[in-house]
Amino acid sequence: MILSLINLIILLFAPFLVIGVIKKTKAFWAGRKGVSIWQPLRDFVRLMRKDYVISETTSWIFKFSPMVTFATVIFAGLFVPMVQGYSVINMPGGFILFSYILGLGKFFSLIAAMDTGSSFEGMGASREACFTTIVEPAFFIIMASIIALTGNFTFHGLSQVIANAGGLGVLIIVLAVLALFVMLLTECCRVPVDDPTTHLELTMIHEVMILDNSGQDLGLITWAAGIKMVILESLIAALIIPMNLSLGYSLLAFLGVIFGLAVVIGTLESGIARLRMSHVFEFIFSMSSFALIILALVAIKIYGN
Amino acid sequence: MEIYFIALLAPIAGGLMSLFVKENFKLKVVSFFSFISMILCLIPAMHVLLNGESLSMSPITDTMFGALTFVIDPLAAFFICVISVMGFMAALYSNGYMTPYLNKGMNISSHGLFFSLLLSSMLAVVTIQNAFYFLVAWEIMSLSSFFLVIFEDNKKEVLNAGIKYLIYMHISVLFIILTFALLCINSGSMNFGMFREVLQNNVQFANLIFILGFIGFGIKAGFVPFHNWLPEAHPAAPSHVSGVMSGVMIKTGIYGILRILCLIGIPSLFISYFVLIVSVISALYGVLYAITQHDMKRLLAYHSIENIGIIGIGIGTGMLGLAYDCIPVAVLGFAGGILHILNHSIFKELLFFGAGAVYKQTHTRDVEVLGGLIKAMPYTAFFFLVGSVAICGLPPFNGFISEFLIYFGMLQGLAVNSLGMLIVLILSIAGLALVGTMAILCFTKVFSICFLGMPRSDKAENVNSDVSISMVFPMGILALFTLLIGIFPHQIIKALFAPVGMFVNNTPMPAAVSLMQNIAIVCLAFIMFMALLVIVKCVANRKAPLHCTWGCGYDKPNNHIQYTASSYASPFLSMLTPLFKKVFDIKKPKELFPKDSHFSLHIEDVEEAYFLTPFVRSVEKFLSKFERIQNGNIQQYILYGLVFLIITLIGVVFLG
């Protein structure tokens, strides 16, 4: 019960801080003082209090979709193991439901973008839909390989890789972390896939899909995007952190990974530029290659002799 | 059982009766009788499904082809439910859909009659257990659907599509006859029950029979590479016919494959891998080409190929489970595959009905000229959206349930001690995931280009009302089904115990039921959470002034600056360029003030472009050498007869 509560609190409030830490890191590398890490939360509160303007082209889909996006990330978040490897909903085959629930959110965010009749938003939607087709199969290969290795059908299999594969497990974990990190950059639209702070609509992906959203809707969407980032970071954390730590250490380790990854993302964004759109596909395909190597390693581990 | 016999004949009676009533009552009579038939069918079928005992009846026992036996076993009962309910929905929908054709001198009577015949013959196909009578019913089914396809026979492309369909169906029946002929010769009987022994004693023979049967029935079902008739025939037929053909009739192909599998018992590894791999390819191929299409019904036809592939993946997984003697895999695979048959028939019919409603109001199937229809046609748009979400396999709708069962079956199969199985299953899982995401891309495309944004032409602009209640009502019912199966999967799966039990003995279903209960709880909680959010939003109702869409500073947007279906699919398709044959139609702008310029991209089916067309051409070339023989000269034809008689005579005298 306490763990559920901790999970929910992290799920709901960590996103603002994670975004804040990324901004702070970028400011540090740019030699600026930067805004407070509480600023994203303040922005959110301000957005929720604002009125909004909607496009006259839109239908009920446009108003309905931010709620679907929000609800789906919340529910997907309940499946993910967090502190002490505990997840609120823990069922066999949970990762399938997890991915498909996120898929439902994506479906609605795509049609909401198309609802405005804007060519820019259509462009963003079409790119986002396209990236998903590369990311999802790779994610399924990784999860299925880990299930084959550990025999555990829940997300807990992620933290049992070492126990089942020994030395080879380290390699598998490194590759899985890399693959999930690429997934994180893609799904959350960070550099080098997408630059959330860009000012040119033509090059945007996620930001351009929500050009016409404002007020509460925009608030919900940015919150949801942050939650999604925390969810994907938690998956990486589940791979790295052993499950049998005490509550205090586990909490510390978990928050360390979450904010550590935020620092890594911020550093990455300061260090490199976003890729040209045609090279983005190649970058995301690296996830598929990691996934296939993981599959090969698992096959070697099980049938090596 | 006698009830079922009446149910089987009821649609035919309706069809015949409709010949003698006034024009605008014909389809009402047909739908009334199909309603009666549905009720009468469901009584014995539900009885069999829930109790697991088969019913049988032999109205004609003593003929040269053996007894005409009708058997309702659990597998047949499942298909009877699908056929009768979906048939009735289509009949109901046809009342509204066919109104524009009523006073145009189109032949509604024959349409009604053939529709009834199609229903009856499908009901017969899934229950007859005698090879000869099965083929008779199968032919009636193919022919009646052929006549339904060519309803608008004044259009050339409709006739072409119909003839293509007819040819495919006859290649299909050729293979089926071959299968049954081999079985009959070896078993000495035409009764399905007698085939069991010869199939179970000889693995090689069973493999041969299965492959032949798979080709024959696979052409009907639309597995790649036998799929080419689907994208031609479905757009040509009236929408409710497309719905029945895609939702129900192609499933009789799956039924045939399942029936042979039933007789074989434990399949060999070879055919199990064969089915799984062909199915994965079909699913990917179908959805890939669906993304390239701009014709709504062609797109849906390609999605039928995809979904037949998903059904096949379920069946293939089940077969692998049987072959490796891993019961949970077999149970989950078959349960997923069989449930997907029902699910696909529901949402595919719903989508075809939606496409039909759009066609009726706009007179076009080209999505590129539509747009903004959600305002004029709110109900159609809503139900089409439900169908789209369901077909993408997203929770809380029914498509997810069957896909989850299949996924979970494959995951269970990873524990089987075989490297080949591990690699094939994980790649199939990835394939299924890829199919799911590509379906999302495809249906966000078709839904948003058709229904959202601004109208792209006058055709969409001039629509000012939704379709009539007789068309909206069946869509509503089907949409309700998709949701009900999605949130009460643990109830639905109980009805699958008996059909799955036909393939797997001692089915340990409780595990599957508890899985489904978990999903049901999550889905219900999700729906409640959504409802809560909507209520909060309504209570905190902020005023929202309207403004034109943000155009990056350009404030006179018009309908031509919107994204199109081609451009939406373009980033994805550009990754896979080698898999298509692209046909560009470009007229570049010239001079200082360019007047007419256009660009359009048409993508052809690679199988058709590089294999089928050259093959047909070469056959044509060869056959054209015999053209001289057929010169229209009667005298010469008489001469041929004479020559033939003389040769026969000589043959008889010297050889006989």
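Every number in this text was worked out from the coordinates using simple rules, so none of it is lab data. Everything numeric in this text was worked out from a predicted model, so none of it was measured. All Cβ positions, glycine included, derive from the backbone under ideal geometry; neighbour counts span all protein chains shown.
Within chain A, what's the longest stretch lacking trypsin sites (Lys or Arg not before Pro) that sit in DSSP loops with no more than 11 other Cβ atoms inside 10 Å?
Values: sites that count: A:R32, A:K33, A:R276.
So the longest stretch without any such site is A:34-275.
For the residues A:C130, B:C81, B:C442, B:C262, what sequence is obtained by ranking on other C-beta atoms within 10 Å, fewest first? Could you put the intermediate results ahead of the total?
On the way: A:C130 24, B:C81 20, B:C442 30, B:C262 17.
Listed from fewest to most nearby Cβ atoms, that is B:C262, B:C81, A:C130, B:C442.
As a quick test, which of the pairs B:K582/B:K625; B:K587/B:K621; B:K556/B:K587 have an alpha carbon distance above 31 angstrom in this structure?
Details: B:K582/B:K625 33 Å; B:K587/B:K621 35 Å; B:K556/B:K587 26 Å.
Distance filter (> 31 Å) returns B:K582/B:K625; B:K587/B:K621.
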- Dividing the Cα radius of gyration by the Kirkwood radius, what Rg/Rh value follows for segment B:443-532? 1.17
- Task: Note down the nm distance, to one decimal, between modelled labels 7 Å out along Cα→Cβ at B:L269 and at B:S570.
- Result: 4.9 nm
- Restricting things to alpha carbons, tell me how big chain A is in terms of Rg and Dmax, in Å. 19.2, 66
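Give the total of Lys-Lys pairs in chain A with Cα-Cα distances below 19 Å; include a pair only if its members are 8 or more places apart or on different chains.
Details: A:K23/A:K33; A:K23/A:K228; A:K24/A:K33; A:K50/A:K63; A:K63/A:K106; A:K106/A:K228.
Pairs that pass both the separation and distance tests number 6.
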- If you bin the C-alpha pair distances of the protein assembly as shown every 20 Å from 0, what whole percents do you get? 13, 44, 32, 9, 1, 0
- Can you give me the Cα centroid spacing of segment B:357-400 and segment A:200-240 in angstrom? 27 Å
- Where in chain B lies the longest segment free of chymotrypsin sites (Phe, Trp or Tyr not before Pro) that are both loop residues by DSSP (not H, G, I, E, B) and have at most 13 other Cβ atoms within 10 Å? B:21-553
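Taking a ≥ b ≥ c as the square roots of the Cα gyration tensor eigenvalues, with a/c under 1.5 meaning rounded and otherwise prolate when a/b beats b/c, else oblate, which class fits segment B:1-138?
On the way: a/c = 2.69, a/b = 1.76, b/c = 1.53.
Judged from the Cα gyration tensor, segment B:1-138 comes out prolate (a/c at least 1.5, a/b above b/c).
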- Note on the structure: The alpha-carbon pair-distance distribution computed for chain B, with 20 angstrom bins and whole-percent values, is 18, 51, 27, 5, 0, 0
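Roughly how large, in nm² to one decimal, is the mean projection of the convex hull of the alpha-carbon atoms in segment A:53-177?
Details: hull surface 36.1 nm².
Result: a mean projected hull area of 9.0 nm².
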- Query: Once phi is turned into ³J(HN,Hα) by the Karplus curve 6.51 cos²θ - 1.76 cosθ + 1.60 with θ = phi - 60°, what whole-Hz value does each residue of segment A:79-93 show in order, with x for glycine and proline?
  - Reply: 7, 7, x, 10, 5, 6, x, 8, 10, 5, 9, 10, 10, x, x
- Rounded to the nearest 20 debye, dipole of the protein assembly as shown from Cβ charges on Lys, Arg, Asp, Glu: 1320 debye
- Cross-link partners of B:K155 among lysines (Cα-Cα below 21 Å; sequence separation of 8 or more within a chain): B:K104, B:K164, B:K297, B:K360, B:K459
- Positive-pole candidate from A:F153, A:G256, A:T197, dipole of segment A:2-303, charges at beta carbon: A:G256
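Just check segment A:135-213 against the gyration tensor rule for me: Cα atoms, a ≥ b ≥ c as the square roots of the eigenvalues, rounded for a/c under 1.5, and otherwise prolate or oblate depending on whether a/b exceeds b/c. Before the final figure, lay out the partial values.
On the way: a/c = 4.16, a/b = 2.73, b/c = 1.52.
The shape class here is prolate.
Could you please rank A:L268, B:L370, B:L496, B:L419, placing first whichever residue has the fewest other Cβ atoms within 10 Å of its Cβ? List each step's numbers first, then the result.
Numbers: A:L268 17, B:L370 28, B:L496 24, B:L419 11.
Lowest count first: B:L419, A:L268, B:L496, B:L370.
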- Using a Förster distance of 22 Å, the FRET efficiency for B:T613-B:I586 (Cβ separation, nearest 0.05): 0.40
- Which distance in Å, rounded to a whole number, links the C-alpha centroids of segment B:453-505 and segment B:1-67? 24 Å
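Roughly how big is chain B's charge dipole about its Cα centre, with Cβ charges of +1 (Lys, Arg) and -1 (Asp, Glu), in debye to the nearest 20? Spell out each step's value before the answer.
On the way: 35 positive and 31 negative charges, 258 e Å.
It comes to approximately 1240 debye.
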- Name the most mobile residue of A:P192, A:P137, A:P40, meaning the one with the largest mean-square fluctuation, in a Gaussian network model of chain A with Cα contacts below 10 Å. A:P137
- Query: Rounded if a/c is under 1.5, else prolate if a/b is larger than b/c, else oblate: which is segment B:571-622, with a ≥ b ≥ c the root eigenvalues of its Cα gyration tensor?
  - Reply: oblate
- Message: Which of A:F290, A:F28, A:F254 ends up with the largest GNM mean-square fluctuation for chain A, with Cα atoms connected below 10 Å?
- Response: A:F28
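Once you have the alpha carbon radius of gyration of segment B:70-222, what is it after dividing by 2.2 N^0.38 Å, with N set to its residue count? Walk me through the intermediate numbers first.
On the way: Rg = 18.0 Å, N = 153, 2.2 N^0.38 = 14.9 Å.
Dividing the Cα radius of gyration by 2.2 N^0.38 Å gives 1.21.
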- Could you let me know the centre-to-centre spacing of segment B:278-305 and segment A:258-305, using Cα atoms, in angstrom? 31 Å
- Item | Translational diffusion of segment A:1-101, µm² s⁻¹ [Kirkwood Rh, Cα pairs; Stokes-Einstein; 20 °C; 1.002 mPa s] | 131 µm²/s
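Taking GluC sites (Glu not before Pro) as exposed when DSSP calls them loop (any state but H, G, I, E, B) and at most 12 other Cβ atoms lie within 10 Å, what is the longest stretch of chain B free of them, the sites themselves excluded? Before the final figure, lay out each step's value.
Values: sites that count: B:E53, B:E591.
Longest site-free region, per DSSP loop and neighbour criteria: B:54-590.
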- Item | Interchain or long-range residues, amide H under 5 Å from A:S55's placed H | B:H547
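Please state the equivalent ellipsoid semi-axes for segment A:168-294: what are the square roots of 5 times the Cα gyration tensor eigenvalues, largest first, in whole Å?
Details: eigenvalues 152, 82, 27 Å².
Taking √(5λ) for each eigenvalue gives 28, 20, 12 Å, largest first.
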